[in-house]
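Worksheet: the structure to be examined is printed underneath.
The values are calculated or read from the model by the stated rules, or taken from the named source; none is laboratory data. Since the structure is predicted, the reported quantities are computational estimates derived from the model, not experimental observations. Note that we place each Cβ from the backbone using ideal geometry, even for glycine, and neighbour counts take in every protein chain shown. These area figures cover heavy atoms from the full protein model, side chains too; ligands, DNA and RNA do not enter into them. Shrake-Rupley method; radii C 1.70, N 1.55, O 1.52, S 1.80 Å.
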Amino acid sequence: MPSGGIRSGAGRPKGQGKFGEVTKPVRIPISMIDSVMTFIQSYDLSLPIYSNKVNAGFPSPADDHMEGKLDLNTHLIKHPSATFFVKATGDSMIGAGIHEGDILVVDRSLEARNGKVVIAAVDGNLTVKRLKKSGKDTLLSPENNNYKPIKLTENNDVVIWGVVTNVIHKV
Amino acid sequence: MFALVDCNNFYVSCERVFNPYLINQPVVVLSNNDGCIIARSNEAKALNIPMGAPFHIYRDFINAHRVKVYSSNYPLYGDMSNRVMMSLAEFNPNLEVYSIDEAFLKFNQTSGTNSRRGTLKIKESIFKWTGIPVSIGLGPTKTLAKIANTFAKKNNHHGVFDLSSKTKQEETLKDINIENIWGISKRWGSKLRMIGIGNALQLRDSSPRRIRQYLGVVVERIVYELQGVACLDINEILPKKNIMCSRSFGNVISEKTILKQFIVEHTIRACEKMRNQNTRAQSVYIFLKTNKFNKEKQYNGGIVLGLNTPCSDTAQIIKLTSSAVDMIYRPGYLYQKAGIMLLDLIPEGINQYDFFENTNYSLSDKRMKVVDLLNKKFGAGTIANGGLRSKNKEKWDSKKYYLSPRYTTQWDELPHVT
């Protein structure tokens, strides 16, 4: 049985080091070590040229006019901490384009002015109606002839909850 | 000048925003697992339902008085809390969120009618924008602002109370029991009573030096704060010394593997909290308990295990806590509660090197930072340690029989309008 000598296939496979290929020791004069190392290092720095793809075409004329993407959130929601989503049921506001199942964007920070579509709490229930002020009277008015407006008096328990700013309707 | 903004009966108020029917009705909200009453509307308080009362004892009383009952809906309360805090920040970005329903604000100007008017405006806007009623206490220090807030809650003050004048302080501080001062624990309270200090005025007028010798620097600081000398700035909260994560189970558990998974999940959460305040634990405590209200045989197991070096690495702590379960688990019992506590937390910066172990935090810290970031960005549990199989979660998930919809965080649970 032989002992010692070359064992084929022993050791690390070639080309596994940091250079990713087979390497070879080279003798250089001591006085030149620094300049050779500097050269090697600068060679290293230039490597990315080969790894980067360069688009050598004509630059896009739109590059200087990029504006970012359109964001529905910022379009629909001006005041995030005061904005809530609610879901419409029934058809009392069909004339205002509010259908069953639509999602309403409601901003509580807005003033409920005359003519605005509002969410109101009427006797403990949330309802969507148009706020109409005529003379002394204030009405919560539906937009469907099958429903009657609610007149605000001291007797009924009505609190304006928020102002509807947008309707999200699936088509 | 500091303000403490506190949401009135916060959990009840959140329910009322989306269910106006509850306004003017007695309402209570229950703790996790529908165990205790943790929030009461003023109407429920008027019925003398105590804070923290066990629900099962008051159930008949609650039914008889038609009190509306809700399980705690944390997704809703968390979102509403965020809205309140964001709204406050619009008025004053110098804000410290102190709890889910409290925040401190720091104003540069000193007191005056202006500040009262400004504060009323804040109060009214928060209510209009979010539907949440708040009370605001004003004072020259955080401790006095906190006391002012308890007066703001009383009916005749419209939710704002200014404690910046010396005469007002004289008048009111004597009515504040020592235990009700922010930062005074029950134990400190009884110790102070032993030396004849029973209310806030007496504490204010005692010698800070003497108090320091008697109870330490924390209470001394409270004396100064009561005198109007601000010692605590905004965001200056001392990190917690211990962190506890425990829970009663919805149903009793007797299998060891499920208990272990429970402990692993809560270890992960506790470690997250610990890293969030930049601390490391030096030991951990694990416990398992049976239901003491039951007639079954009882067992209370707990063990403290020390860490060789302070540690904030979830994986290492899980190793310890799950081996702790092996040590304290006894078969044949119906366990009802379990938990983990991280003990003797010290700041990350303090680093006592171990003689035998080579403590190098950099790799583990980097790893945990990535884990925390991922979970923050993509939701809790995005990345977790292997011991956690979430399909068993429902076994310990709490009872929530009276849960309201998650009105603001789920598309299919939005409030309906007719």
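Straight-line reach from B:Lys369: taking Cα to Cα under 20 Å and skipping same-chain neighbours fewer than 8 places apart, the aspartates and glutamates in range are B:Glu265, B:Glu272, B:Asp313, B:Glu348.
Modelled label positions at B:Arg116 and A:His99, each set 7 Å beyond Cα in the direction of Cβ, lie 5.6 nm from each other. Taking Lys and Arg as +1 and Asp and Glu as -1, the other residues whose beta-carbon sits under 10 Å from that of B:Leu76 total -2.
Label-to-label distance for B:Leu403 and B:Met86 is 2.4 nm, based on points extended 7 Å past Cα in the beta-carbon direction. Estimated at 0.36 nm per residue, the fully extended path between B:Ser207 and B:Gln410 surpasses their Cα-Cα distance by 67.6 nm.
Listed by chain and number, the lysines whose alpha-carbon sits under 28 Å from that of B:Lys366, ignoring those within fewer than 8 places in the same chain, are A:Lys18, B:Lys240, B:Lys241, B:Lys260, B:Lys273, B:Lys319, B:Lys376, B:Lys377. Per the Cα gyration tensor, the protein assembly as shown maps to an equivalent ellipsoid with semi-axes of 51, 39, 30 Å, ordered largest to smallest.
Most simply put, the protein assembly as shown has about 90% antiparallel DSSP beta bridges, counting only bridges with both residues inside it. Taking the 1.4 Å solvent-accessible surface of region B:194-263 as the whole, the part contributed by carbon and sulfur is 50%. Scaling the Cα radius of gyration of chain B by the globular reference 2.2 N^0.38 Å produces a ratio of 1.08.
When Rg and the Kirkwood radius Rh are both evaluated on Cα atoms of region B:188-245, their ratio Rg/Rh stands at 1.03.
Just tell me how shielded A:82-93 is by partners: mean number of partner chain Cβ atoms within 10 Å of each residue's Cβ, no decimals.
Numbers: counts 10, 3, 10, 5, 6, 7, 4, 3, 3, 1, 2, 2.
Partner Cβ neighbours, averaged per residue: 5.
Only lysines eight or more places from B:Lys154 in sequence, or on another chain, were considered; those with a Cα closer than 16 Å are B:Lys45, B:Lys123, B:Lys146, B:Lys168. Among B:Lys292, B:Lys377, B:Lys400, the largest mean-square fluctuation in a Gaussian network model of chain B, built with springs joining Cα atoms closer than 10 Å, belongs to B:Lys377.
Mind checking the mean number of beta-carbon atoms from other chains within 10 Å of the Cβ atoms in A:109-118?
Average per residue, whole number: 1.
Inter-label distance, B:Leu363 to B:Asn291: 4.7 nm, where each label sits 7 Å from its Cα along the C-beta direction. Restricting attention to chain B, close to 85% of DSSP beta bridges with both partner residues there are antiparallel. Descending by average beta-carbon neighbour count within 10 Å, the peptides A:101-110, A:151-160 line up as A:101-110, A:151-160, the highest first. Specify the longest stretch of chain B that does not include any exposed loop site, a site being one of the chymotrypsin sites (Phe, Trp or Tyr not before Pro) with a non-H, G, I, E, B DSSP assignment and at most 11 other Cβ atoms within 10 Å. Result, exposed sites excluded: B:1-292.
How many percent of the alpha carbon pairs in region B:130-211 exceed a separation of 21 Å?
31 percent
Averaged per residue, the protein assembly as shown has 59 square angstrom of accessible surface, using a 1.4 angstrom probe with ligands and nucleic acids left out. Restricting attention to region A:59-171, the count of lysine pairs at 8 or more positions apart or across chains with alpha carbons under 15 Å apart stands at 11.
Buried area at the A:B interface is about 2100 square angstrom, summed over both chains, from accessible surfaces computed with a 1.4 angstrom probe.
Remark on region B:17-59: accessible area falls by at least 20 square angstrom from chain-alone to full-complex state for B:Val17, B:Phe18, B:Pro20, B:Tyr21, probe 1.4 angstrom. Here chain B is scanned for GluC sites (Glu not before Pro) in DSSP loops (not H, G, I, E, B) that have at most 14 other Cβ atoms within 10 Å, and the longest stretch holding none of them is B:1-235. The tail of the calculated P(r) for region B:128-274 beyond 23 Å holds 52 percent of all Cα-Cα pairs.
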